Amino acid sequence: MRIRPAGEAELPVLRDIERAAGACFRSVGMPEIADDEPLSVEELDAFRRAGRAWVAVDRTGEARGRTEHVVAYLVAAPVDGNLHVEQVSVHPDAAGRGVGRALIDHAARHAARHGFPALTLTTFSDVAWNAPYYRRVGFRTLRDDEVTPQLAELCRREAEHGLDRWPRECMVRPVRQE
């Protein structure tokens, strides 16, 4: 497994990964999330051009040479002085191998190198691979009085999109400055 910047030609693959990962929401009674459209190629490209879109690639192949297959991605943007994880998705075929954690750790190292004190994200509270997972990889839930203005605005837009039908929370993970 290797993490590297996303390439422009790979952006449609990221959408496919998001769709495949999202299908898991059907099993927890959230078909609307499974059916939600992923970020557009244009939106993903904005993250890529800003240097904040990374992919995890799995090397496969035989004697004729190796081929890299994108199995997961993470995109992030500055929000109120922190690096906000906008989306992290792992293809179900690569789940359970530490790929998501590796991407989050990569984003944390990027944040530290660029002076961001923390990673933030918003997520579903009661979905096993959301808030409970993020707690295991070092995030904690923000109290209401800790939610910054831009993060609150993101939550408002998520609510307008209908995501507040299920319990959600804002989370933070401090990063070690390099």
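Structure summary
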quantity	calculated
Estimated distance in nm for a label pair at A77 and R113, the labels positioned 7 Å out from Cα along Cα-to-Cβ	2.2
For the chain, Kirkwood radius (reciprocal of mean inverse C-alpha pair distance, Å)	16.7
Dipole axis of the chain (+1 Lys, Arg; -1 Asp, Glu on Cβ), positive-most option in A111, F25, P12	A111
Dipole in debye (nearest 20) - the chain, about Cα centre, beta carbon charges: Lys, Arg +1; Asp, Glu -1	900
The chain, helix-only ellipticity at 222 nm - DSSP H runs n ≥ 4, -39,500 (n - 2.57), divided by all residues, nearest 500	-9500 deg cm²/dmol
Other-chain or far-sequence residues with amide H under 5 Å of R168's (modelled H)	S125
Spacing of the two label points (7 Å from each Cα toward its C-beta) at R140 and A95, in nm	2.9
Of all DSSP beta bridges in the chain, antiparallel share, percent nearest 5	95
Pair Y133, D16: separation of 7 Å Cα→Cβ label points (nm)	2.0
Sequence-distant residues sharing a close amide H with A76 (under 5 Å, placed H)	E86
Exposure proxy order (Cβ contacts within 10 Å, fewest to most) of S125, S89, S27	S27, S125, S89
Listed residues P167, P132, P92, most fluctuating in the chain (Gaussian network, C-alpha, under 10 Å)	P167
Candidates G22, G100, G115, ranked by Gaussian network fluctuation over the chain, Cα under 10 Å, top entry	G115
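Throughout, read-outs are computed from the coordinates displayed, never taken from laboratory work. Keep in mind that what you see is a predicted model, and the values were worked out from it rather than measured. We place every Cβ from the backbone using ideal geometry, glycine too, and count neighbours over all the protein chains shown.
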